[in-house]
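Engineer: Pasting a structure here, questions to come.
The values are calculated or read from the model by the stated rules, or taken from the named source; none is laboratory data. What you see is a predicted model, and the numbers here were worked out from it, not measured in a lab. Neighbour counts are summed over all protein chains in view; Cβ atoms, including those assigned to glycine, are modelled from backbone coordinates with ideal geometry.
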Amino acid sequence: MSRNRKVHVTRRSVMAGAAAAGTLGFPAVLRAQAAAVKVGIIHPVTGFVAYNGQQGRLGATMAVEDVNKAGGIKAMGGAKLEALLGDSQSKVEVGVSEVEKMNEAGVVAYVGCFQSPVGIAASQAASKYNTPFLIDVGASDLLVTRGLKNVFRLKPGFGACVDQGIAALGALNEAAGKPAKAAVIVHESGEFGTGTAKLLAGKLPSVGIEAKELIAHDNPTRTFDNVALRIRSMAPDLVIMSNYQNEYVLLARTLYQQKVNLAGLFSVLGGGFNYKFVKELPDVAQYMMDTNHWFNPQSDKAQALKKRVEAGGALFTFEVYLAYSTVMLLADALERAGSADKEKLIAALNASTFNAELLPYGPTKFVNGQNQGGRAAIMQALKGDIEVIAPTDVASAKAVFPKPKFG
Amino acid sequence: MPDPAIILAGVLNGLLAGGIYVLVAVGLTLIYGVLHIINFAHGSLLMLAMYGVFFLWRLLGIDPYVALPIVIAGSFAFGYVLYRGLIGRFSHGRDENILLITLGLAIVFDNVALLLFTGDTQTIDVTYAGTIVQVGAAFLPLPKIISFLAAILLCGVLGLVMARSQLGKAIRAVAHERQGARLVGIDVEQVFAISYGIGIACLGAAACLLMPTFYVSPTSGHAFVLIAFTTVVLGGMGSFVGAAVGGLIIGVTESLGGLLLGEQLGQIGISLIFILILLLRPTGLFGAGR
């Protein structure tokens, strides 16, 4: 009897204990048991644009870490994000094979891919599985104009950046008494540079500036001495650049070394306009302007993330905060969907009003996958730092235009 | 038709660019002349030397020109050890093995550089980088004039060493007839390693002369490889004079082509030269007929 009772009591105790633990002591364990949400993060961490890819991966993984530290996706029982990291090797076919591999692994969404051609092909591959594909960096508007329902881009594209850059340049020129009347455009010969150059040449006349000549160059280019010579002989007021990092730096350096006098050096999505360039070659970079993705300098969260990134020895380049914000957009959509179901996730992204706090954006509003609330910033290198000169609501300094001439 | 003053400026720019092509090509032609192999790791080794120059400047504040003897000696030692420890040991005397090993080394070096240094663009900021010498319409950056003169000087010194010294004679003997050289007591493997070391030392010199005006990233060496191969074919495989003249011709052709036909189409001049040489004089301008 006593033995039975003992057993009985013990069983009760166990049951009661289990119940108590279920409500009080073990919620963390129960949350940890929620299935992780697998996210495919694809960047070119090797190959031609490896640096940009490595920066993108850094931003995305930091965001995953932050989401998990904050308790995961609460609407899904605290499910953690699990990052599956892929390397596109700067090649289209490798990007596509990463999509296929990750699909086998059961990813719920993809984030990537820095290069537009890789993003175009990879998101197309993801569409077969109706898996959401969030573009963190990728300038081509083709990414979101193919009618694919699974593709979303937080940042503004190619066309919007050119429009915004030209409008800002026009306003700057107008305010300075129109010192710039003619421009030479130097661009890399790929889709990015050629496309941007054509758009720029077509739109410059709308702000009273003539595109005198378009000079295309290959990647890599060993010397820009002759380009500088031609620019000097044409005597334009502006040089507008559209190149990847190496050639951007080399061209800027050559124009400075050869003391080519200009009212301004301007770029749209300039590949080399970043803190490293401005801090390491301050004389070369001084007064250069760029229209690009930029963080909101007045955002405390952006400044805090910048400190964290720099404390880790990296630079706070646009790839970092765009990838970070894109993963945060995904986490927000998962919260809204309350599920990893792809249809529900796509619906949540379409209805998203996510506030990308790091960026000078309004709430998201997706139309055909393109966020209408995104906008670029116009920056200028001033005294070894990068200042935002437009839009005025987030500006941190007043533009210097035209720039002082070489003595 | 552009102004003659602009053409002259283009020629001067081309000659200065050609100076660097000469240095890169001289190393390649020496390695080909002696080992009879194409060094596929040439661009990657140039990149490593450029990182060496960059870090000497960044960490120790050593100016690229002051670093010349250090980097040349370091590159020679690296090339020598690479040949002795790896290329010579694992090639088993077969040329195709050497080709594959140098190709493999290029892949390893590129990826190790990517891992250690990231894909970022690194530059050196020296006070004299913006100093210009004006010659007519040409604004010639002082570092490029220095690199041109130094390239010609180093080429001359190398030519003298090859012509007058015992080492030069041994190298030439091995290049001409390695079995015969072995029979007269020359340590052929040692000559191979020294020649490879000298070829890489030339890249060390090129790296020091390039860095004040260029950049380094894990892929930056490749920008010069194709041009160096073209220079060697134009001048004649294994010919120093050929590499020097070829480098300058390529530099001027590239420059004038870019000026007259545009930067992209201008490159066609180099390809045309390459095809014409292969058609009309396959041994190159100064190459020995076989």
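Engineer: Out of the range B:102-144, which residues are within 24 Å of the chain's Cα centre (by Cα), more than 7 Å from chain A (Cβ to nearest Cβ) and not in a helix (DSSP H, G or I)?
Structural biologist: Passing the criteria: B:Gln122, B:Ile124, B:Val126, B:Leu140.
Engineer: Any residue that is farther than 25 Å from A:Gln257 by Cβ, outside any helix (DSSP H, G or I) and of a type outside the set (Phe, Trp, Tyr) - is there at least one of those in the range B:28-37?
Structural biologist: The answer is yes; a qualifying residue exists.
Engineer: Right, here's the next one. Would you mind finding the one in B:Ile270, B:Ile250, B:Ile277 that is more than 10 Å from chain A (Cβ to nearest Cβ), among the β-branched types (Val, Ile, Thr) and either surrounded by 23 or more Cβ atoms within 10 Å (Cβ to Cβ) or under 23 Å from B:Tyr51 (Cα atoms) (or both)?
Structural biologist: B:Ile250
Engineer: Also, I was wondering about something else. Tell me, which helices (runs of 4 or more DSSP H) lie completely within the range A:221-340 with 2 or more residues that are touching a residue at least 60 places away in the same chain (Cβ under 8 Å) and not assigned by TED's automatic domain parsing to the domain that holds A:His187?
Structural biologist: It comes to A:300-311, A:318-337.
Engineer: Within the range B:54-69, identify whether any single residue is in contact with a strand residue (DSSP E or B) (Cβ under 7 Å, 6 or more places away or on another chain) and surrounded by fewer than 22 Cβ atoms within 10 Å (Cβ to Cβ), and answer yes or no.
Structural biologist: There is at least one residue in the range B:54-69 that is in contact with a strand residue (DSSP E or B) (Cβ under 7 Å, 6 or more places away or on another chain) and surrounded by fewer than 22 Cβ atoms within 10 Å (Cβ to Cβ).
Engineer: Let me ask something else about it. With respect to B:Ile87, is the statement that it is without any contact (Cβ under 8 Å) to a residue 24 or more places away in the chain and either more than 14 Å from chain A (Cβ to nearest Cβ) or not in a helix (DSSP H, G or I) (or both) true?
Structural biologist: No, not satisfied.
Engineer: Then there is this: Being more than 14 Å from chain B (Cβ to nearest Cβ), without any contact (Cβ under 8 Å) to a residue 24 or more places away in the chain and more than 21 Å from the chain's Cα centre (by Cα) is true for just one of A:Gly170, A:Gly177. Which residue is that?
Structural biologist: A:Gly177
Engineer: Of all residues being within 32 Å of the chain's Cα centre (by Cα) and of a type in the set (Ser, Thr, Tyr) in the range A:216-240, which is farthest from the other protein chains (Cβ to nearest Cβ)? Just the residue, please.
Structural biologist: The qualifying residue farthest from the other protein chains (Cβ to nearest Cβ) is A:Thr221.
Engineer: Scan (1) on the phi < 0 side of the Ramachandran plot; (2) surrounded by fewer than 22 Cβ atoms within 10 Å (Cβ to Cβ) for the single condition A:Phe133 breaks and write down its number.
Structural biologist: Only one criterion is unmet by A:Phe133, namely (2).
Engineer: Oh, and also: Taking the range B:253-265 as the search range and keeping residues that are buried (at least 21 other Cβ atoms within 10 Å of the Cβ) and either within 11 Å of chain A (Cβ to nearest Cβ) or without any contact (Cβ under 8 Å) to a residue 40 or more places away in the chain (or both), which one is farthest from the chain's Cα centre (by Cα)? Let's see the steps before the verdict.
Structural biologist: Filtering the range B:253-265 down to residues buried (at least 21 other Cβ atoms within 10 Å of the Cβ) leaves B:253-255, B:257-259, B:263.
Okay, now just the ones that are also either within 11 Å of chain A (Cβ to nearest Cβ) or without any contact (Cβ under 8 Å) to a residue 40 or more places away in the chain (or both), so B:254-255, B:257-259, B:263.
On the way: B:Glu254: 17, B:Ser255: 19, B:Gly257: 22, B:Gly258: 22, B:Leu259: 25, B:Glu263: 23 Å.
The qualifying residue farthest from the chain's Cα centre (by Cα) is B:Leu259.
Engineer: Which of the residues belonging to the range A:346-383 are buried (at least 24 other Cβ atoms within 10 Å of the Cβ) and either in contact with an Asp or Glu (Cβ under 6 Å, 6 or more places away or on another chain) or over 17 Å from A:Ile135 (Cβ atoms) (or both)?
Structural biologist: Listed by number, the residues that qualify are A:Phe354, A:Ala377, A:Ile378, A:Met379, A:Gln380, A:Ala381.
Engineer: For the range A:162-200, which positions are touching a Leu at 6+ places or on another chain (Cβ under 6 Å) and in a helix (DSSP H, G or I)?
Structural biologist: If the condition is that a residue be touching a Leu at 6+ places or on another chain (Cβ under 6 Å) and in a helix (DSSP H, G or I), then A:Val162, A:Ala197 are the ones that fit.
Engineer: Related question: Hey, does the range B:177-194 have a residue that's of a type in the set (A, V, I, L, M), at negative phi and within 14 Å of chain A (Cβ to nearest Cβ)?
Structural biologist: Looking for residues that are of a type in the set (A, V, I, L, M), at negative phi and within 14 Å of chain A (Cβ to nearest Cβ), one finds none in the range B:177-194, hence no.
Engineer: What number goes with the only condition from (1) touching a residue at least 12 places away in the same chain (Cβ under 8 Å); (2) farther than 20 Å from B:Tyr196 by Cβ that B:Met50 does not pass?
Structural biologist: (2)
Engineer: Among residues belonging to the range A:274-326 that are of a type in the set (Phe, Trp, Tyr) and under 21 Å from B:Ile124 (Cβ atoms), point out the one that is surrounded by the most Cβ atoms within 10 Å (Cβ to Cβ).
Structural biologist: Selected residue: A:Phe277.
Engineer: Continuing with the same structure: Could you please find all residues in the range A:52-79 being away from chain B (no Cβ under 14 Å) and of a type in the set (A, V, I, L, M, F, W, C)?
Structural biologist: Across the range A:52-79, the qualifying residues are A:Ala60, A:Met62, A:Ala63, A:Val64, A:Val67, A:Ala70, A:Ile73, A:Ala75, A:Met76, A:Ala79.
Engineer: Within the range A:90-111, work out how many residues are modelled with pLDDT of 95 or more and not in a helix (DSSP H, G or I).
Structural biologist: Of the residues in the range A:90-111, 7 are modelled with pLDDT of 95 or more and not in a helix (DSSP H, G or I).
Engineer: Only one of (1) without any contact (Cβ under 8 Å) to a residue 40 or more places away in the chain; (2) of a type in the set (S, T, N, Q); (3) in contact with a strand residue (DSSP E or B) (Cβ under 7 Å, 6 or more places away or on another chain) fails for A:Asn371. Which number is that?
Structural biologist: (1)
Engineer: So is B:Ala163 more than 12 Å from chain A (Cβ to nearest Cβ), assigned to a helix (DSSP H, G or I), aliphatic (A, V, I, L, M) and free of Cβ contacts under 8 Å to residues at least 40 places away in the same chain or not?
Structural biologist: For B:Ala163, the condition - more than 12 Å from chain A (Cβ to nearest Cβ), assigned to a helix (DSSP H, G or I), aliphatic (A, V, I, L, M) and free of Cβ contacts under 8 Å to residues at least 40 places away in the same chain - is met.
Engineer: So, one more: One residue is enough: does the range A:42-51 have a residue meeting the conditions assigned to a helix (DSSP H, G or I) and within 14 Å of chain B (Cβ to nearest Cβ)? Don't jump to the end; show me each part of the working.
Structural biologist: Residues of the range A:42-51 that are assigned to a helix (DSSP H, G or I), as a first pass: A:50-51.
Next cut, within 14 Å of chain B (Cβ to nearest Cβ) only: A:50-51.
For the range A:42-51, residues assigned to a helix (DSSP H, G or I) and within 14 Å of chain B (Cβ to nearest Cβ): present.
Engineer: Answer with yes or no whether A:Ala180 is more than 26 Å from A:Thr46 (Cβ to Cβ) and at pLDDT 95 or above. Before the answer, list the steps.
Structural biologist: Values: more than 26 Å from A:Thr46 (Cβ to Cβ): yes; at pLDDT 95 or above: yes.
Taking the combined requirement at face value, the residue satisfies it.
Engineer: Which residues, counting only those in the range A:313-372, are out of contact with any Pro (no Cβ under 7 Å at 6 or more places or on another chain), charged (D, E, K, R) and more than 30 Å from B:Asp120 (Cβ to Cβ)?
Structural biologist: A:Asp332, A:Glu335, A:Arg336, A:Asp341, A:Glu343, A:Lys344, A:Lys365
Engineer: Taking into account only those residues within the range B:221-237 that are buried (at least 23 other Cβ atoms within 10 Å of the Cβ) and over 28 Å from B:Ile7 (Cβ atoms), which is farthest from the other protein chains (Cβ to nearest Cβ)?
Structural biologist: Residue satisfying both the conditions and the ranking: B:Gly236.
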